[in-house]
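S.K.: Quick one: structure below, then a few questions.
The values are calculated or read from the model by the stated rules, or taken from the named source; none is laboratory data. As the structure is a prediction and not an experimental result, all values here were calculated from the model. We place every Cβ from the backbone using ideal geometry, glycine too, and count neighbours over all the protein chains shown. Just so you know, the surface numbers come from the protein's heavy atoms only, side chains and all, with ligands and any DNA or RNA stripped out. Shrake-Rupley method; radii C 1.70, N 1.55, O 1.52, S 1.80 Å.
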Amino acid sequence: MPSIYDLKTDFQNILRPTVRKLAAKGFTANQVTVLAFVLSCLIGWLVFVGAAYSVVFLLIPLFLFARMALNAIDGMLAREHGQKSNLGAILNELGDVFSDAALYVPFLLAIDAPLGLTFLVTVLSLATEMTGVVAVQIGASRRYDGPMGKSDRAFAFSVLAVVCVVATLSPAVLNLVLCAVVILLAITVLNRIRMALAEAGTR
């Protein structure tokens, strides 16, 4: 299914000159990965403690765009500048899921999302990435199938954050939106399983 992840190549082409400069100055992929996680924790905390001022929710879309750039940059530094490492692979995968939790859980709690839906969104987000990684163990490639992959989640929560700034979401509407996210996350897990099995079966 289509995913914002499909735009990754174009995004990387835009960032490539910046990546070359960072590599020339000695920055490493692992440093960028850790920075993205630390900033996710900081933004999550700021959103939670500053929730009384709805404008603080604008930090979510602004930072998520920056984090997408950081995620692209660390991958390009690793692949294109000889910085691939086993530690880097671990940090990259763990960094993504922990960064998501550090950012989305405080945001959802700040807008009074039900704990049950917050839990489901968090667990299923983790499950989508775990499914993508586990695909490699059965002989398939790392799966990034949608419709609610990492980039799609970033877009969905960015839109939700902006809406929370300009309007007051009723509990019913918020629940409906989060239920839709949960359903799309579950579909994503199933899609990644299906595509991984299909790919592995052809090898």
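S.K.: Among the helices of the chain (complete DSSP H runs), which have Cα atoms covering no less than 20 Å along the helix axis and a Kyte-Doolittle mean of at least 1.0?
M.R.: Taking the DSSP H segments of the chain (at least 20 Å long, mean hydropathy at least 1.0), we get 29-49, 59-80, 86-110, 115-137, 150-166, 171-201.
S.K.: Can you tell me the relative contact order of the chain? Whole percent, Cα pairs under 8 Å, sequence separation 6 or more.
M.R.: 29
S.K.: Determine by what factor the alpha-carbon radius of gyration of the stretch 30-108 differs from 2.2 N^0.38 Å, reporting the quotient.
M.R.: This ratio for the stretch 30-108 stands at 1.17.
S.K.: Taking +1 at the Cβ of each Lys and Arg and -1 at the Cβ of each Asp and Glu, which of LEU87, VAL38, TYR104 sits farthest along the dipole of the stretch 1-145 towards its positive end, judged by Cα position relative to the Cα centre?
M.R.: Selected residue: LEU87.
S.K.: Also, I was wondering about something else. How much of the accessible area of the chain, in percent, comes from carbon and sulfur atoms when a 1.4 Å probe is used?
M.R.: Carbon-and-sulfur percentage of accessible area, whole number: 73.
S.K.: Then there is this: Take SER141 and LEU197, extend 7 Å from each Cα along the Cα→Cβ direction, and tell me the distance between the two endpoints in nm.
M.R.: 2.1
S.K.: Still on this structure, please answer the following. Can you work out the base-10 log of I(q)/I(0) for the chain at q = 0.08, 0.12 1/Å, using the Debye formula on its C-alpha atoms alone?
M.R.: Once normalised to I(0) and log-transformed, intensities are -0.28, -0.63.
S.K.: Could you give the dipole magnitude of the chain about its Cα centre, charging the beta-carbon of Lys and Arg +1 and that of Asp and Glu -1, in debye to the nearest 20?
M.R.: Value, rounded to 20: 560 debye.
S.K.: Still on this structure, please answer the following. Residues of the stretch 10-46 with the amide nitrogen closer than 16 Å to a label point 7 Å from the Cα of PHE65, along Cα-to-Cβ, please.
M.R.: 11-12, 14-15
S.K.: Could you tell me the distance between the Cα centroids of the stretch 148-203 and the stretch 30-80, to the nearest Å?
M.R.: The two parts, judged by their Cα centres, are 19 Å apart.
S.K.: Hey, another quick one. If you stretched the chain out fully between ALA167 and ILE14, how much longer would it get, using 0.36 nm times the residue separation minus the C-alpha to C-alpha distance?
M.R.: Extra length from ALA167 to ILE14 when fully extended: 51.7 nm.
S.K.: Now for a different question. For the chain, modelled as a GNM with alpha-carbon contacts under 10 angstrom, which of ALA36, ALA161, ALA89 fluctuates the most?
M.R.: Of ALA36, ALA161, ALA89, the Gaussian network model singles out ALA89 as fluctuating most.
S.K.: Largest first and in whole Å, give the semi-axes of the stretch 83-131's equivalent ellipsoid, each being the square root of 5 times a Cα gyration tensor eigenvalue.
M.R.: Working from the Cα gyration tensor, I get semi-axes of 26, 11, 5 Å.
S.K.: Can I ask one more? Tell me, Kirkwood radius of the stretch 10-76 from alpha-carbon pair distances, in Å?
M.R.: After inverting the mean inverse Cα-Cα distance, the result is 13.0 Å.
S.K.: How much accessible area per residue does the chain have, counting only protein heavy atoms and a probe of 1.4 Å, in square angstrom?
M.R.: 52
S.K.: Just name one of ALA154, GLY201, VAL182: the one whose Cα is farthest towards the positive end of the charge dipole of the stretch 82-203 (beta-carbon charges, Lys/Arg +1, Asp/Glu -1).
M.R.: Value computed over the given set: GLY201.
S.K.: Taking only the C-alpha atoms, wrap a convex hull around the stretch 142-203 and report its volume per residue in Å³ as a whole number.
M.R.: 54
S.K.: Could you work out the Rg to Rh ratio of the stretch 83-203, with Rh taken as the Kirkwood radius (inverse of the mean 1/r over all Cα pairs)?
M.R.: Answer for the stretch 83-203: 1.03.
S.K.: Using the Cα centre of the stretch 1-88 as the reference point, and only Cβ charges (+1 on K/R, -1 on D/E), how large is the resulting charge dipole? Debye, rounded to the nearest 20.
M.R.: Charge dipole, the stretch 1-88, about its Cα centre: 280 debye, nearest 20.
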